[in-house]
Amino acid sequence: MKTIGIIGGGQLGLMIAEQARLLGARTVCLDPAADAPAAAVCDDHIVGRFDDPAAVEELCRRSDVVTYEFENVPGDILIPLCDKYHIPQGYRPLYDSQDRLREKTNAREHGLRTPRFAAVDDEASLRAAVAQIGLPAVLKTRTLGYDGHGQAVLRTEEDLARALPLLAVPCILEEFVPFDFEASIVMVADDERIVSFPIGRNVHRDGILDLCFVPAEVDGEVLARMRRESERFMRSCGYRGILAIEYFVRGGEIYFNEMAPRPHNSGHYTIEGATTNQFRELARYLLGEPLQEPRLVAPTVMKNILGQDLEAAQRIAAACPPHVYVHLYGKSECRPKRKMGHITFVGMTAPEYEAAWASRFVK
Ligand code: AMP
């Protein structure tokens, strides 16, 4: 029986472990929190920090193959371990995605269109970037930003002054894309093939994913191009394992926003809404099993459950309506804006969700 080691013990680790178990594998996760969500499902849990070389190596020693569900594992720890242990996704996709400037430069170099961007380190370079890119624009910290943290939309001169505190760390200024909608694709690749999950339309609130509607109700040609270009990008970069890419879509144009070499929140719908799911295909890849091409079972809606919606989700779980799948991650502390779970509605379209379900959640 093989053991999969997972760096990180959050909900992504939990769902990787669930699928690994169904495939007959053991799992061990590394996470600093004694009550990390994945610890409830993994066979073993190493309580340790991601920046503790001894803890990461201990995870590798106890595993046949290692993956990550957390993006900010320091390179100086992981790179030497990649030579010693089986970490088949390697460090490269993490490295390429950890810094927004490097990430967008890499996307461009490998053929994807991005919003215009410029590096910004101080007020002078911010002003130069604004002169080049124009307003509105989005100022983001280059590293450690997630779910809309560490970013500000600049529309006016006053916004510029207000955003100066962000410049305590290196930043990037991006063209503001007045997109028609956001979309993302999740792919899993081995040496032979790439499988891609059906593309959904994503709705964010306060920078955090709120809803996914699958399939994205848009021009099939745009979706086919997004898939083609994403797969070409993944091959061109030489990435293996799992990769999610988020895009802005405007007219017929698609703009790369960001990528993540781990299962993605927008792919949670695949657990019940597709014939195979992102966690399972990642586990199959890690275990050296052939990948399976996913198909959508039916139109599906995924609603993220943040702290403020936990009680509503618990009520829905108790009522257990058919084709409605409530996932609660078992986090001990509930806070507004913290991801506590998600609900997947299989056989449901966006208008049906808006008419029958949207009002049950906090606006
Ligand atoms: P990010 O952390 O880069 O994914 O940004 C979080 C959210 O902010 C995105 O999902 C968009 O809704 C919005 N956003 C970020 N960058 C831009 C941009 N350049 N133009 C328009 N909206 C953006």
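Of note:
- Within segment 116-175: Cβ-based charge dipole about Cα centre, in debye rounded to nearest 20 (Lys, Arg +1; Asp, Glu -1): 100 debye
- Summary value for the chain: 14 percent relative contact order, contacts being C-alpha pairs under 8 angstrom separated by 6+ residues.
- Among ALA283, ALA260, ALA317 - extreme Cα towards positive end, dipole of segment 249-363, charges at beta-carbon: ALA317
- Segment 181-360: relative contact order in percent, alpha carbon pairs under 8 Å with at least 6 residues between: 22 percent
- Segment 255-313-segment 1-36 distance, computed between alpha-carbon centres (Å): 16 Å
- Database remark: amide H of ILE305 closer than 5 angstrom to the amide H of MET340, GLY341, HIS342, ILE343 (H placed geometrically; neighbours at sequence offset of 5 or more, or on other chains; Pro and chain starts carry no H).
- Residues whose amide H comes within less than 5 Å of that of ARG250, counting only those at least five positions distant or on another chain, are ASP180, TYR255 (H built at 1.01 Å from N in the peptide plane).
- Relative protection proxy for 175-181, 242-248, 154-160, 116-122, from highest mean packing down: 242-248, 116-122, 175-181, 154-160 (other beta-carbon atoms within 10 angstrom).
- Measuring between alpha carbons in the structure, the pairs from LYS2/LYS337; LYS2/LYS140; LYS84/LYS303; LYS331/LYS363 lying more than 31 angstrom apart are LYS2/LYS337; LYS2/LYS140; LYS84/LYS303.
- At 1.306 mPa s and 10 °C, Stokes D of segment 294-363 from Kirkwood alpha-carbon radius, µm² per second: 126 µm²/s
- When peptides 26-36, 343-353, 322-332 are sorted by average Cβ neighbour count within 10 Å, with the highest value leading, the order is 26-36, 343-353, 322-332.
- Other residues within the sphere of radius under 14 Å centred on the Cβ of ALA163, judged by their own Cβ, net out at -3 (K and R +1, D and E -1).
- Phi to ³J(HN,Hα) by Karplus 6.51 cos²θ - 1.76 cosθ + 1.60 over segment 249-262, Hz, x for Gly, Pro: 10, 9, x, x, 9, 10, 10, 4, 9, 7, 9, 8, x, 7
- Value of [θ]222 nm, deg cm²/dmol, for the chain, DSSP H segments ≥ 4, -39500 (n - 2.57) each, nearest 500: -9000 deg cm²/dmol
- Couplings 3J(HN,Hα) of segment 309-316, computed from phi: 10, 4, 5, 4, 5, 5, 5, 5 Hz, in residue order, whole Hz [Karplus 6.51 cos²θ - 1.76 cosθ + 1.60, θ = phi - 60°; x for Gly and Pro].
- Phi-based couplings in Hz for segment 295-306 (Karplus 6.51, -1.76, 1.60; Gly and Pro marked x): 10, 6, 6, 6, x, 9, 10, 10, 10, 6, 9, 8
- Taking Cα centre as origin and charging only the Cβ of basic (Lys, Arg, +1) and acidic (Asp, Glu, -1) residues, the dipole magnitude of the chain rounds to 380 debye.
- Dimensions of segment 162-220 from C-alpha coordinates, computed as largest minus smallest value along each principal axis and given longest first, are 46, 31, 19 Å.
- Global form of segment 181-360, assessed from the alpha-carbon gyration tensor, a/c cut-off 1.5: prolate
- Two-decimal log10 I(q)/I(0) for the chain, as the Debye equation yields it once each C-alpha is a single scatterer, q = 0.07, 0.09 Å⁻¹: -0.30, -0.50
Read-outs: derived from the displayed coordinates by stated rules, not from any lab. The structure presented is a predicted model; accordingly, all values stated were derived computationally and were not measured. Every residue, glycine among them, receives a Cβ derived from its backbone with ideal geometry; neighbour counts consider all protein chains shown.
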